[in-house]
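The values are calculated or read from the model by the stated rules, or taken from the named source; none is laboratory data. Bear in mind the structure is a predicted one, so any value in this text is a computation, not a measurement. A quick note on method: Cβ atoms are made from the backbone with ideal geometry, for glycine too, and the neighbour counts reach across all protein chains shown. Quick note on the areas: whole protein, heavy atoms, side chains included, nothing else; ligands and nucleic acids left out. Shrake-Rupley method; radii C 1.70, N 1.55, O 1.52, S 1.80 Å.
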Amino acid sequence: MKRSCIIALLISFSAFSAVWAQSSDELARSGSVYSNLGIGIPMDLGSSSADGLGLTGVSFNESFVPGLANPAQWGQSVLAQGTAGATLQSFDARDNFGSSQNTVFTVNNFQLLLPLKKSKFGISVSLAPLTRSNFRVVQTTDFIQGSGAQADTVSFRSENRGDGGVNNLELGFGWRINSNISIGYAASLVFASVDNKVTTFFAQQGFQPVQFTLETSGLGFGNRFGTFFTFPGLFKENDMLSLGATLRLPVIFDAKRTQESDKQLGPTSVETVIIEDGPGLGSGDIELPMSLNAGATYHFSNKVSLSAEGLYEPWSDYASELDPQQQALMSDRYKMGVGVRFFPYIMNSDKFLSKFKYRFGVSYDSGHLELQNRNIETLMLNFGLGILSPNSRSSVDINVQYGFRGTTADNLVKENIWGVRLSLNLAELMFFRPKLQ
């Protein structure tokens with residue numbers, strides 16, 4: 001009997017102040033400094049097979065590797081499948097005043113895909129992030145206290161730590177209408193969980209540190225639609241062209257923000273004070289924009305394929321009644337990428353290097369932010385290695401990425417990004433090995 005895949009995930013994120021400098025005094029457990037604006041950096045729904053190309057996988061369906069990119073592909077599943085993984089990223093951030101190195105470890109999406117009718121109709125349940133915000137920003141400044149001969153300069157240091165974002169709990173289905181056409185739909189519960197811990201330290205004696213936490217939560221509902229087309233034997237006997245597209249409708253959720261701090265009542269007594277009304281506090285709507293994802297994959301054979309995909313999200317439509325001033329920082333997002341997959345294991349060669357799946361790709365992301373009249377762009381190079389199980393259809397995917405985000409011009413931040421993602425894909429007949437009768 002093969003053990004079942006039971007993996008639970010919890011991911012949280014956040015957003016708060018302006019981005020001009022990242023902490024440079026220590027190794028911080030944080031991610032991109034740009035994730036502290038709005039509701040976090042957008043995350044794309046994809047698969048471990050597409051990660052190695054820097055794409056989502058909306059235009060191709062890899063057997064026994066489930067994916068979230070296109071609900072229409074779920075109807076082509078034969079075996080029950082489950083996937084989950086984790087990512088370790090390193091951010092080398094630099095501006096005109098200093099540099100810092102930051103690392104963040106996150107658990108990725110979880111997905112369970114079940115074929116109610118093999119190669120015809122399947123359902124998927126998943127938990128994945130839509131945005132992610134992990135950051136640590138430190139600013140040092142001073143102010144003048146008093147006047148004339150009594151004037152004194154008071155220096156202080158403010159630290160803002162953020163952790164949180166928007167998560168997507170989704171249930172959907174895929175239906176393979178015939179050998180060429182598939183459609184799909186998914187409904188989701190979208191919930192925000194955002195924490196910003198702000199601490200101010202004073203250099204002079206007589207000033208007590210000031211610390212408070214902004215907690216933002218919200219709940220909404222999402223809808224996604226997908227189509228997938230395949231055209232086998234297009235130019236020769238064993239080639240195929242596949243096309244895919246998805247549309248996620250805008251999501252509006254009710255959000256609430258409170259401020260929580262501890263008040264010292266005595267040497268051993270502390271009272272937690274929660275403030276619900278005030279500037280930037282209270283209740284209000286947050287709207288995430290629609291997302292359109294489409295692409296094409298040409299399979300030269302069952303061993304080699306070439307994919308090109310693009311994604312569009314009008315983040316200029318982003319709206320937040322809690323942070324209306326940040327809406328002006330949002331910009332329409334365009335992401336494009338190309339990638340190649342090479343599967344020599346299909347040839348059943350005895351050579352060691354022929355026993356794996358190989359994936360390569362490059363992607364460009366215009367970003368969803370415009371600061372100082374500059375888009376915060378990202379260029380990523382990607383490589384993926386698929387390791388097959390010798391006794392089943394399960395596999396392990398190791399994906400590596402390296403790229404650049406932002407610029408040091410106009411006092412902004414440039415980040416060099418390294419990332420490693422490890423994913424486990426289980427594919428079995430309801431995760432049980434058939435027994436001989």
Criterion (at pLDDT 85 or above, exposed (fewer than 12 other Cβ atoms within 10 Å of the Cβ) and charged (D, E, K, R)) met by exactly one of 215, 237: 237
Any hit, region 388-396, residues being in contact (Cβ under 8 Å) with a residue 12 or more places away in the chain, among the hydroxyl-bearing types (Ser, Thr, Tyr), over 30 Å from residue 34 (Cα atoms) and open to solvent by less than 20 Å² (accessible area, probe 1.4 Å): yes
Test set (1) part of a loop (DSSP other than H, G, I, E, B); (2) open to solvent by 10 Å² or more (accessible area, probe 1.4 Å) - residue 69 fails condition number: (2)
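If you go through region 335-346 one residue at a time, do you hit one that is more than 19 Å from residue 401 (Cβ to Cβ), buried (at least 19 other Cβ atoms within 10 Å of the Cβ) and either touching a strand residue (DSSP E or B) at 6+ places or on another chain (Cβ under 8 Å) or of a type in the set (Phe, Trp, Tyr) (or both)?
Filtering region 335-346 down to residues more than 19 Å from residue 401 (Cβ to Cβ) leaves 343-346.
From what's left, buried (at least 19 other Cβ atoms within 10 Å of the Cβ): 343.
Now narrow it down to the ones that are either touching a strand residue (DSSP E or B) at 6+ places or on another chain (Cβ under 8 Å) or of a type in the set (Phe, Trp, Tyr) (or both): 343.
Yes; the residues of region 335-346 include at least one that is more than 19 Å from residue 401 (Cβ to Cβ), buried (at least 19 other Cβ atoms within 10 Å of the Cβ) and either touching a strand residue (DSSP E or B) at 6+ places or on another chain (Cβ under 8 Å) or of a type in the set (Phe, Trp, Tyr) (or both).
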Scope region 246-262; condition surrounded by 16 or more Cβ atoms within 10 Å (Cβ to Cβ) and hydroxyl-bearing (Ser, Thr, Tyr); matching residues: 246, 258
Candidate set: region 370-384, residues that are in contact with a Phe, Trp or Tyr (Cβ under 6 Å, 6 or more places away or on another chain) and over 20 Å from residue 296 (Cα atoms); chosen: the one surrounded by the fewest Cβ atoms within 10 Å (Cβ to Cβ): 379
Residues of region 114-139 classified as open to solvent by less than 50 Å² (accessible area, probe 1.4 Å), out of contact with any Gly (no Cβ under 8 Å at 6 or more places or on another chain) and of a type in the set (Lys, Arg), total: 0
Selection from region 77-103 of residues that are surrounded by 21 or more Cβ atoms within 10 Å (Cβ to Cβ) and either aromatic (Phe, Trp, Tyr) or within 24 Å of residue 423 (Cβ to Cβ) (or both): 77, 81, 82, 83, 84, 85, 91, 102
Pair list, Cβ under 9 Å, 6 or more apart: region 171-190 residue within 20 Å of residue 66 (Cβ to Cβ), other residue of a type in the set (D, E, K, R) and not in a strand (DSSP E or B): 175/120; 176/120
Every residue from region 284-318 that is polar (S, T, N, Q), open to solvent by 50 Å² or more (accessible area, probe 1.4 Å) and either touching an Asp or Glu at 6+ places or on another chain (Cβ under 9 Å) or at pLDDT 95 or above (or both): 316
Residue within region 178-196 that is of a type in the set (A, V, I, L, M), assigned to a strand (DSSP E or B) and within 26 Å of residue 103 (Cβ to Cβ) present: yes
